Amino acid sequence: MAKNTWKIAKEAIETHNNIFIFHHIRPDGDCLGSQFGLRELIRTNYPEKNVFVLGDTGGVFPFMKWDFDKFEDIPKKNFENSLAVVVDTNSSHRIQFVKYILDNNFTHTLRIDHHPTDPDINYDYTWEDAEYAAAAEQIGYIAMKAKWKVTNEAARYVYLGINTDSGRFNYEYVAKRTFDVVSYLHTDNDFRVWDVNYDLGKRDERKVKFAAHVLLNYKNEGQVLYFYVSKKIQKKFKLKDNEANDVGILANIGDCKIWVFFIDQPDGTIRVRVRSNGIWINHICEKYKPGGGHEVAAGATVHSKAEMKAIIADLKAEVLKHAKN
């Protein structure tokens, strides 16, 4: 069920002079596209406001322009009547540079998110709606309903977020509204989806070889497919951990119901990416903290091979439970 509407987000933005936009750890196309798309939309439609973006890309989507602000370089006067906007995430353990929010540097806080979870931060304003395919779709929807002008730059960012988080418009929550928003991105500019799709469609030879290896070596237990991307595998294919995380390689093979990637992280933890074609898995991921997400697309963190086996066992049990129902 949705919490509030786009109007609450627009109201929050309009009543503050200084806007600071945050994204989640392990950034993806949606959080980055939402963050920078919102920045460009505010700058264009409210030129009197100051807008800052905090974080980093982790090296993803190098074909886009990412110019982050450094918190320590921002004048103190810009924290007066300020709004911290968190996009595409919720709780403190998922927000990059969350310390700036927890230290009460901002007058108020706003969350725009499509994840159906209860955060541990008491936001002053919230627009949460899990019926959206992406947080970027929410950003684009605000622009469409408010009749904001959309520049080429804003369109590129918002489209990147929608495209990537919807699985190129393949996932369950893609709806007529999704395409209405994408259509609106073409208003009064010369934006073309091809300009983003071309770069998204490029194939890195390292990743092609890695995908072939995954398809030849994945494991299958009780309709749960999984692959462990160890540091050894990452080194073999010359991939960083955030370049070897495409769990979609295992999507919908045979009669599988759930597919999983385990990815060794530089800090010694193991990132878990979980997807399904109908079985809800987010409640299982929430057990392995930090973890959670959407009903059929979620993530978790484990610390050993024993925990890897445990989450696979939980997922297999969920498949059996689903089959009985």
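The values are calculated or read from the model by the stated rules, or taken from the named source; none is laboratory data. Values in this document were obtained by computation on a predicted structure and should not be read as measured data. Backbone-built Cβ (ideal geometry, glycine too); neighbour counts: all protein chains shown.
May I ask you to list the residues in the range 288-298 that are under 16 Å from Gly167 (Cα atoms) and either outside any loop (DSSP other than H, G, I, E, B) or among the basic types (Lys, Arg) (or both)?
Gly293, Ala297, Ala298
So that you can scan it fast, the table gives a plain yes or no per residue for (1) among the β-branched types (Val, Ile, Thr); (2) at pLDDT below 95; (3) outside the structural domain of Asp73 (by TED's automatic domain parsing):
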| site | (1), (2), (3) |
| --- | --- |
| Ile19 | yes, no, no |
| His23 | no, no, no |
| Cys31 | no, no, no |
| Gly37 | no, no, no |
| Ile42 | yes, no, no |
| Phe52 | no, no, no |
| Gly58 | no, yes, no |
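Of all helices (runs of 4 or more DSSP H) completely enclosed by the range 122-240, which ones contain at least 3 residues that are out of contact with any helix residue (DSSP H, G or I) (no Cβ under 7 Å at 6 or more places or on another chain)?
On the way: elements: 135-146, 152-165, 176-184, 193-200, 205-217, 231-236.
The helices (runs of 4 or more DSSP H) meeting that bar are 176-184, 193-200, 205-217, 231-236.
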Fill in: Test for Ala136: is it modelled with pLDDT of 95 or more, surrounded by 21 or more Cβ atoms within 10 Å (Cβ to Cβ) and either closer than 29 Å to Phe71 by Cβ or not assigned by TED's automatic domain parsing to the domain that holds Arg273 (or both)
yes
Worksheet item: Counting only residues that are over 14 Å from Asp28 (Cα atoms) and outside any helix (DSSP H, G or I), how many does the range 241-250 have?
Response: 0
Practice prompt. Could you grab me the full set of residues in the range 66-79 that are surrounded by 10 or more Cβ atoms within 10 Å (Cβ to Cβ) and within 25 Å of Asp195 (Cα to Cα)?
Written response: Trp66, Phe68
Discussion item. For the range 278-292, check the following and say yes or no: at least one residue is within 25 Å of Gly58 (Cβ to Cβ), of a type in the set (Gly, Ala, Ser), surrounded by 22 or more Cβ atoms within 10 Å (Cβ to Cβ) and not assigned by TED's automatic domain parsing to the domain that holds Arg26.
Written reply: yes
Response to the item:
In the range 215-232, anything touching a residue at least 24 places away in the same chain (Cβ under 8 Å), surrounded by fewer than 19 Cβ atoms within 10 Å (Cβ to Cβ) and not polar (S, T, N, Q) is listed as Leu215, Tyr218, Glu221, Gly222, Tyr228, Lys231
Worksheet item: Is it the case that some residue within the range 252-275 is in contact (Cβ under 8 Å) with a residue 60 or more places away in the chain and part of a loop (DSSP other than H, G, I, E, B)?
Response: yes
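Going by what's in this entry, would Tyr173 be described as closer than 27 Å to Ile258 by Cβ and over 22 Å from the mean Cα position of the chain (by Cα)?
Details: closer than 27 Å to Ile258 by Cβ: yes; over 22 Å from the mean Cα position of the chain (by Cα): no.
The answer is no for Tyr173.
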Worksheet item: His115 is checked against (1) of a type outside the set (A, V, I, L, M, F, W, C); (2) touching a strand residue (DSSP E or B) at 6+ places or on another chain (Cβ under 7 Å); (3) surrounded by fewer than 16 Cβ atoms within 10 Å (Cβ to Cβ) and fails just one. What number does that condition carry?
Response: (3)
Item to complete: Please indicate, with yes or no, whether at least one residue in the range 210-226 is among the charged types (D, E, K, R) and under 23 Å from Met64 (Cα atoms).
Response: no
Response to the item:
Counting only residues in the range 31-63 that are more than 15 Å from the chain's Cα centre (by Cα), part of a helix (DSSP H, G or I) and not polar (S, T, N, Q), the one farthest from Val86 (Cα to Cα) is identified as Arg43
Worksheet item: Could you say whether any residue in the range 263-271 is buried (at least 20 other Cβ atoms within 10 Å of the Cβ), touching a strand residue (DSSP E or B) at 6+ places or on another chain (Cβ under 8 Å), among the hydrophobic types (A, V, I, L, M, F, W, C) and at pLDDT 95 or above?
Response: yes
Worksheet, complete the sentence: Taking the range 48-66 and keeping residues within 15 Å of Arg26 (Cβ to Cβ) and touching a Lys or Arg at 6+ places or on another chain (Cβ under 9 Å) leaves Gly58, Gly59
Worksheet item: What pairs come up if the first residue lies in the range 11-39 and is at positive phi, the second is among the charged types (D, E, K, R), and their beta carbons are under 8 Å apart, counting only those six or more places apart or on different chains?
Response: Arg26/Arg271
